[in-house]
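Everything on this sheet refers to the single structure shown next.
The values are calculated or read from the model by the stated rules, or taken from the named source; none is laboratory data. Keep in mind the model is a prediction, meaning the values are calculated, not measured. Every residue, glycine among them, receives a Cβ derived from its backbone with ideal geometry; neighbour counts consider all protein chains shown.
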Amino acid sequence: MTARPASRPEAQPSADRFLDVRGTQLRYRDEGRGEPLILLHGWTFDLEMWNPQVAILRDQFRLVRLDRRGHGLSGGTPDAAADAADIEELCRHLALDTVALLGMSQGARAALHFASRSAQRVSALILDGPPALDDASDADVPIAAFRDTARRHGLEAFRRQWRAHALVQLCTEDRHLQDLVTAMIARYPGRDLLGPPASAAAQPIRLDRILAPTLVLSGEFDLPSRLQSARLLCTRLAHAEHVTIEEAGHLINLDQPARYAQLCRAFLTRHSTPNP
C-alpha cells in the first residue's frame, strides 16, 4: 500500500483536557469510539505527533493520547519511574479497565513498564522503535552533552542540536510534517536538561510478566542499535512479531502514516478486546 501524505487527511482539532496526577497537570485528548488505545510519544515530542493516525483510526478505535510528564503542555519533569503510574491514573480517570497501548521510542519503554505491572489490563501492545531496555540512559541519545549545551547556551541551542540528530530526521519531504517535528521540539520545556535529574530510576521491566500479543515496528532506516533492540525484544517477549516498514526512519508514523495505521488497525482488530 502506498502511503498518502500525512497532511491529507489531518486529524480534526480536539479539545485538550488536563488531569491532575499527584499535583502535576497532564494534558491528554480522548477522541473516536471503539476499543481504547493509549498512544505514548517519545522524548521531546508530544501528543500531536499522532495527528495522522488519529485522522485514520478514530473511526474504529477510541484514541487516548497523552503528553507524557514533562513534555508538550504537561507539567513536571520527564520521569521514567512515573510513566506507568501516570498511565494508571489516566485509565482510572477514564474508567478504562482493559486497554491496548502504542508506544514509540521512550514511549515504548513506558508502555512496557505499564504492561509488566498490570498485565491483565493490557489487551495488546504496539512498540515502535524501542530503545535498549537494559540501558535506562539510552545510549542513542547523548543526554549529558545535550544537558551541557542547554545549560551553557540555552534551550534554543539544544533544540538546534537535537533537530540535527539522526533520530529526528524524516525521510518524507512533506513540509507539514517537517514543521510538525520542529514545532514539537520547540514546545519541549527541557526541564530535565536545566534542572536536576529525576529523583528515582524506573524499576527493571519484567518482560516475563507480559503475555499480551505484541507488534514491534521498525523503520528501515532507523539506527542499527534500534533495529537490534527491536529484534532482541521480540525474542524476549512471549507473543511478539516484528515488522520493518520501508522508506522510514525512527519517526515511522510520520514517514509512512498510512502504512503505519494500516498495520496498527489490522493488528488491533485481531487482538484488542472489548472494554467492559
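At a glance:
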| quantity | calculated |
| --- | --- |
| Test for residue 182: is it among the hydroxyl-bearing types (Ser, Thr, Tyr) and crowded, with 16+ Cβ neighbours inside 10 Å | no |
| Single residue of segment 218-227 satisfying the filter (free of Cβ contacts under 8 Å to residues at least 60 places away in the same chain and assigned to a helix (DSSP H, G or I)) that is nearest to residue 252 (Cα to Cα) | 227 |
| All positions within segment 51-79 that are more than 18 Å from residue 91 (Cβ to Cβ) and not in a loop (DSSP other than H, G, I, E, B) | 51, 52, 53, 54, 55, 56, 57 |
| Tally of residues being modelled with pLDDT of 95 or more and within 22 Å of residue 267 (Cα to Cα) across segment 1-33 | 3 |
| Verdict on residue 247 being part of a loop (DSSP other than H, G, I, E, B), surrounded by fewer than 16 Cβ atoms within 10 Å (Cβ to Cβ), of a type in the set (Asp, Glu) and in contact (Cβ under 8 Å) with a residue 12 or more places away in the chain | yes |
| Out of 256, 169, sole residue that is farther than 18 Å from residue 112 by Cα and surrounded by fewer than 16 Cβ atoms within 10 Å (Cβ to Cβ) | 169 |
| Residue among 134, 148 that alone is part of a loop (DSSP other than H, G, I, E, B), within 23 Å of residue 77 (Cα to Cα) and either hydrophobic (A, V, I, L, M, F, W, C) or out of contact with any helix residue (DSSP H, G or I) (no Cβ under 6 Å at 6 or more places or on another chain) (or both) | 134 |
| Some residue of segment 117-126 being of a type in the set (S, T, N, Q), assigned to a strand (DSSP E or B), buried (at least 20 other Cβ atoms within 10 Å of the Cβ) and touching a strand residue (DSSP E or B) at 6+ places or on another chain (Cβ under 9 Å) | yes |
